[in-house]
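Before any comments, here is the structure.
The values are calculated or read from the model by the stated rules, or taken from the named source; none is laboratory data. Note that the structure is a prediction, hence the values are computed from the model and not measured. We place every Cβ from the backbone using ideal geometry, glycine too, and count neighbours over all the protein chains shown. Protein only, heavy atoms only, side chains kept; ligands, DNA and RNA dropped before computing areas. Shrake-Rupley method; radii C 1.70, N 1.55, O 1.52, S 1.80 Å.
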Amino acid sequence: MAELETDVQRDLILGLTENFLWVNSSMYEQYLLVTFQKLFQDKSWNPEKGKNICICPLLPEEDFGKIKSSTFMLYLCQSILLRTYEEFQDGQVRICETPEVLKEEKYRKNIDSVILIDDFIGSGETALGCMAYLDFLRQEGKKMYILAMVAQKEGINNIQKEGIPVFADVVREKGISDQFEKEEAQQKLDEMKKISKLLKVPSEMYLGFLQAESLVAMNKTPNNTFPVYWHEKKGHSRAPFPRKENVKMIRKENKEQERYERRN
């Protein structure tokens, strides 16, 4: 806060922080239970009752093989509490490590519906990428659902335009644009851009990735969140929810994946 230039900027951050949501890892199971409950109680799920379910991480093709939040969620889907749900009994559920598993007919031939899961949905871009990869499932008539513990309303709308239902425990609006009248919102957005510029945030990220204006931190802070909460640079190294790159996963080299990443 001391790095900010004016009291107007400090008041803006203090005000936004009152609406900030932090879901840490110890809270994940409870949020997940509520999200599944919303799905299973929705009338759109009625035709799927008693059928075989596949749970799959919400990953676009370029993220296959990486440890992402959606792959972390798969372990929670084996929860003892989830097994109390009728849908998780009698051997109906299969969990796929990555969406590419479903390319193999031997795995998908006995699957009736697919649940794609993540902890957070921001703009919906990741979900749309995953759905594009799995379009062959829709062509085969298999039903798809997307679950997230927390989701931005804008992201949900972007996904549901494609005809895929989305369920979330918590739905969030934009932190500024959806909270104030147009003129006041624009003034606050201008101040937030000044703050991001001061912190040397890339201009395309001034309001979070794809201008999402999120006020959310999960086990890891989404880049959709306003950068003032996570961006760090020399001279600004005390962000409350940092996305530091000093902790990285190393993995076995995948030549095919490297070629894909170079092409894209």
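Tell me whether segment 159-168 contains one or more residues that are assigned to a strand (DSSP E or B) and among the aromatic types (Phe, Trp, Tyr).
Within segment 159-168, one or more residues are assigned to a strand (DSSP E or B) and among the aromatic types (Phe, Trp, Tyr).
Would you mention how many residues in segment 49-75 are touching a Leu at 6+ places or on another chain (Cβ under 9 Å) and among the aromatic types (Phe, Trp, Tyr)?
Of the residues in segment 49-75, 0 are touching a Leu at 6+ places or on another chain (Cβ under 9 Å) and among the aromatic types (Phe, Trp, Tyr).
Report yes if some residue within segment 109-125 is touching a Cys at 6+ places or on another chain (Cβ under 6 Å), among the β-branched types (Val, Ile, Thr) and either within 17 Å of residue 31 (Cβ to Cβ) or not in a loop (DSSP other than H, G, I, E, B) (or both); otherwise report no.
Yes; the residues of segment 109-125 include at least one that is touching a Cys at 6+ places or on another chain (Cβ under 6 Å), among the β-branched types (Val, Ile, Thr) and either within 17 Å of residue 31 (Cβ to Cβ) or not in a loop (DSSP other than H, G, I, E, B) (or both).
Which of the residues spanning segment 186-208 are within 19 Å of residue 123 (Cβ to Cβ) and either out of contact with any helix residue (DSSP H, G or I) (no Cβ under 8 Å at 6 or more places or on another chain) or hydroxyl-bearing (Ser, Thr, Tyr) (or both)?
Of everything in segment 186-208, those that are within 19 Å of residue 123 (Cβ to Cβ) and either out of contact with any helix residue (DSSP H, G or I) (no Cβ under 8 Å at 6 or more places or on another chain) or hydroxyl-bearing (Ser, Thr, Tyr) (or both) turn out to be 189, 193, 196, 202, 203, 204, 206.
Please indicate, with yes or no, whether at least one residue in segment 178-185 is at negative phi and touching a residue at least 12 places away in the same chain (Cβ under 8 Å).
Yes, that holds for at least one residue.
Does segment 148-156 contain at least one residue that is touching a helix residue (DSSP H, G or I) at 6+ places or on another chain (Cβ under 6 Å), under 16 Å from residue 35 (Cβ atoms) and modelled with pLDDT of 95 or more? Steps first, please.
Quick first cut of segment 148-156, residues touching a helix residue (DSSP H, G or I) at 6+ places or on another chain (Cβ under 6 Å) only: 149.
Narrowing the set further to residues that are under 16 Å from residue 35 (Cβ atoms) leaves 149.
Filter again for modelled with pLDDT of 95 or more, leaving 149.
Yes, segment 148-156 has at least one match.
If you check every pair at least six apart or on different chains, which have Cβ atoms under 7 Å apart with a residue in segment 136-147 that is under 16 Å from residue 165 (Cβ atoms) first and a residue that is of a type outside the set (Gly, Ala, Ser) and open to solvent by 70 Å² or more (accessible area, probe 1.4 Å) second?
144/138
Restricted to segment 98-120, and to residues that are touching a residue at least 24 places away in the same chain (Cβ under 8 Å) and over 25 Å from residue 49 (Cβ atoms), which residue is farthest from the chain's Cα centre (by Cα)?
Among those residues, the one meeting the criterion is 103.
Read through the list (1) in contact with a helix residue (DSSP H, G or I) (Cβ under 8 Å, 6 or more places away or on another chain); (2) under 19 Å from residue 60 (Cβ atoms); (3) among the small types (Gly, Ala, Ser), then give the number of the only condition that residue 132 fails.
(1)
Take the conditions open to solvent by less than 80 Å² (accessible area, probe 1.4 Å) and either touching a helix residue (DSSP H, G or I) at 6+ places or on another chain (Cβ under 9 Å) or in a helix (DSSP H, G or I) (or both) and apply them to residue 100. Does it pass?
No: the conditions fail for residue 100.
Sort out which residues of segment 193-210 are surrounded by 16 or more Cβ atoms within 10 Å (Cβ to Cβ) and within 23 Å of the chain's Cα centre (by Cα), and write them in order of number.
If the condition is that a residue be surrounded by 16 or more Cβ atoms within 10 Å (Cβ to Cβ) and within 23 Å of the chain's Cα centre (by Cα), then 196, 201, 205, 206, 207, 208, 209, 210 are the ones that fit.
Is there a residue in segment 90-100 that is at pLDDT below 95 and of a type in the set (A, V, I, L, M)?
Yes.
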